[in-house]
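The values are calculated or read from the model by the stated rules, or taken from the named source; none is laboratory data. Keep in mind that this is a model prediction, so the values were computed, not measured. Reconstructed Cβ throughout: ideal geometry from the backbone, glycine too, with neighbour counts over all protein chains shown. To get the accessible areas, we keep the full protein, side chains included, count just its heavy atoms, and leave off ligands, DNA and RNA. Shrake-Rupley method; radii C 1.70, N 1.55, O 1.52, S 1.80 Å.
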Amino acid sequence: MTTIKVALLGFGTVGSSVYQTIQSRRSKFERLIGKKVEIVGVLIQDETKQRNIADGILVTSSFEELLAIPEIDVIIEAINGIEPGAGYLSRALEKGIHVVTANKELLAHEGQSLRETAAKGHAQLKFEAAVAGGVPIIGTLQQLLQVNEVSNVEAILNGTSNYILTEIAENQVGFQAALHSAQKHGYAEADPGNDVDGWDAFYKLMILCELLLGKQPDWTQVSRRGIRGITLADIQVVETAGWRIKHIASLQVKEEKAQLRVEPMAVPEGHPLYEVSGVDNAVSIQGDLAGNLKLQGPGAGALPTASAILEDFVQLYKESDNRNRSIDASILAEDSNRLQDWLATAPSIPKTAAVKQRWKGKQADNNAYLVSATEGELEKLLQAGKICNFFRLAGAGREIADTVPILI
Ligand code: NDP
Ligand code: HSE
């Protein structure tokens, strides 16, 4: 039986879990792909850390030394940030080494160029773990929804943010304590600002966009807000009005134009993302033939991420390369001057607001108001302390009057 030689870049939450899973499921891999799997090297940063790695496996902080191991077949990458990882992966792909990566920041920035390098090197680049952790969204879009035209994607893509919102809502935990708990579980990024300021979900949305539309938008035209600053009071007020706050990445294609956003939204009961809680991620997809599909599961953490990486790994030896579908859609710039429907939390309707006549909600038993306003107007009110927060209404094309008649 021939042997597949694997090198790991990174031995943190994800890398160590991949290592343990490969070591403990050797016979399963042999049955699945008909070859032995051997880990030959591990790249880390800090050579002084104690690690549970078997004798005979090279552990090094030098990529040169790792790459000098003869006949590496696959590199599994799970380190942080764009560099040095992008350079390492590029060199591996040039040499014809297949790459499986979980690194969405790297992919959002360098995915296109790495794909080109992979094609030149006759190697494959796989990245299921980079979007939505253990949820097989990449494979689903690449392999199972080829004939459908996908017109709308709404997704919870950051496990840490969803976990924090859930902890605050269900256990009345403070923001910092909830974040600390997410870090302890291994969900958060090395810099958790990536999670709570919406960057992580943004990178994942860019990867999905590239997959669906064959290109990314101008990043400056994509509105990005994170969950920082959302309070228990916001959550309670919105929930009393029958909604939930969820951090949502969305992509809508209309008449060959796409609009992308990453932001906390007010989600009505019955919406596919309403019940998604804790570290779960979920992706709701509208296909023209399939209708609405939802994939849901753990979006972060050691085992779910190792699961996605190792499913990719097995696929390397079970299929030939899949080419991305490319449809001709241009990217719509975000128009912050467009009137849209929002749920705003505020002690009362701002008296000085130019938008006053468009506040459709009257104060019910809580401080949630439905308002038709531009994003710019609400940003100003927020900055001036006239409102506590504001959320776009989830559910494409819904009218205020259709969604919450009780407040009209
Ligand atoms: P950790 O911080 O737990 O581990 C990072 C690992 O990378 C460590 O072993 C670290 O070395 C090593 N490393 C960092 N920088 C370098 C470098 N310059 N050279 C060599 N090694 C380096 O991160 P995670 O395991 O949580 O995440 C890894 C990647 O996977 C990230 O890109 C993340 O976004 C992605 N990811 C994470 C998920 C999760 O749930 N945690 C889920 C999906 C994707 P050392 O041990 O010496 O410090
Ligand atoms: N920090 C990321 C999250 C890890 O919380 O979703 C998974 O990509």
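Per this entry, N158 is counted among residues that are open to solvent by less than 30 Å² (accessible area, probe 1.4 Å), within 16 Å of S277 (Cα to Cα) and within 11 Å of ligand 1 (Cβ to nearest atom). When G85, G121, G111, G81 are checked against the criterion of being at pLDDT 95 or above, more than 16 Å from ligand 2 (Cβ to nearest atom) and surrounded by 14 or more Cβ atoms within 10 Å (Cβ to Cβ), a single residue qualifies: G121. For the stretch 250-275, the tally of residues that are in contact with a Phe, Trp or Tyr (Cβ under 7 Å, 6 or more places away or on another chain) and not aliphatic (A, V, I, L, M) stands at 2. When L145 is tested against (1) over 21 Å from Y203 (Cα atoms); (2) within 16 Å of ligand 2 (Cβ to nearest atom); (3) buried (at least 17 other Cβ atoms within 10 Å of the Cβ), just one condition goes unmet, and that condition is (2).
Of the listed requirements (1) open to solvent by 40 Å² or more (accessible area, probe 1.4 Å); (2) in a helix (DSSP H, G or I); (3) over 24 Å from K104 (Cβ atoms), T220 misses just one: (3). Residues considered: G96, G134. Of these, the only one that is within 11 Å of ligand 1 (Cβ to nearest atom), touching a residue at least 12 places away in the same chain (Cβ under 8 Å) and open to solvent by 10 Å² or more (accessible area, probe 1.4 Å) is G134. Quick check on I57: is it more than 16 Å from ligand 1 (Cβ to nearest atom), among the aliphatic types (A, V, I, L, M) and modelled with pLDDT of 95 or more? Against the criterion (more than 16 Å from ligand 1 (Cβ to nearest atom), among the aliphatic types (A, V, I, L, M) and modelled with pLDDT of 95 or more), I57 does not qualify.
Just name the residue that is surrounded by the most Cβ atoms within 10 Å (Cβ to Cβ) out of those in the stretch 161-194 that are near ligand 2 (Cβ under 10 Å from one of its atoms) and in a helix (DSSP H, G or I). Only one residue fits best here, namely S161.
Scanning the stretch 1-50 for residues that are more than 18 Å from V99 (Cβ to Cβ) and among the acidic types (D, E), we see that the one that is surrounded by the most Cβ atoms within 10 Å (Cβ to Cβ) is E30.
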